[in-house]
Amino acid sequence: MHTRRPTRMTRSLGLAAAVLLLAGCGSRTETADASSSGDASTTSSSSAPASSSPAAEDTADPDAGNGASPFPADTNTDVADAVSPDGLTVTTVRAAAHDGYDRVVFELSGSGTPGWTAEYADSPSSQGSGEAVDVPGAVALQVTLQGTSYPYESGATELARGAVAVSGTRTVAGVVYDATFEGTSVAWVGTGERAPFRVYALTGPSRVVVEVAHTG
């Protein structure tokens with residue numbers, strides 16, 4: 001009795017089967033690794049809501065938990081550059097009183113962050129016509145947003161030019177919006193005096209926040 005040696009064809013078939021088996025295992029392992037590690041942006045977009053409540057996010061304090069003073073602000077000009085602005089159009093302006101300051105929020109359509117210049121203006125005037133603008137209060141804090149788009153460019157409905165309804169605030173007497181002209185949108189925050197202020201940006205949706213300290 002003798003043992004039959006495998007033919008060349010038999011050995012080839014066996015080798016091919018082994019290669020296929022290893023390839024299948026490798027494919028399953030790679031798939032499992034990708035699933036377990038996950039893509040951060042994909043995971044976030046699938047588990048998080050499409051957009052969070054703007055009103056809720058407006059209550060965020062940028063200094064909470066970092067040991068900063070309650071309101072690190074002054075009356076100096078505040079300037080920031082735009083960051084990847086795309087289709088930014090001012091759609092809403094709202095104001096509310098908080099502990100120690102009043103907050104004015106400029107909400108925009110589109111993505112990215114507008115640049116801004118915030119400074120007290122001696123004689124508020126419309127950027128398009130140069131006509132004087134009547135701003136409530138004794139002085140006016142001018143907020144100029146850069147990198148914004150006309151409504152026909154962004155497809156958004158821009159806030160109408162004119163006074164914005166404000167109630168319940170202590171330092172902020174009123175807000176006047178002057179619309180968009182050649183990539184800039186201007187508004188004035190009327191106050192009783194040159195009170196310390198600070199400016200910062202929030203996203204989701206894009207917002208510029210102006211906070212004016214309570215005085216007196």
Label-point separation, GLU153 to THR92 (7 Å along Cα→Cβ), nm: 2.4 nm
Length-normalised contact order of the range 74-213 in % [C-alpha pairs under 8 Å, at least 6 apart]: 30 percent
Amide H contacts of VAL164 (H built 1.01 Å from N, under 5 Å, at least 5 apart or other chain): VAL175, VAL176, TYR177
Ranked by how many other beta carbons lie within 10 Å on average, peptides 196-207, 119-130 from highest: 196-207, 119-130
For VAL83, distant residues with modelled amide H under 5 Å away: THR113, GLY115
Length gained when the stretch ASN76-ASP134 is fully extended (0.36 nm per residue, less Cα-Cα span): 18.6 nm
Extension reserve of the SER126-GLU193 stretch, reckoned as 0.36 nm per residue once the Cα distance is removed: 22.0 nm
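None of the figures in this text is laboratory data; all of them are computed from the coordinates on show. Fair warning: this is a prediction, and the values are worked out from it, not measured in the lab. Glycine also receives a Cβ, built like all others from the backbone with ideal geometry; neighbour counts cover every protein chain displayed.
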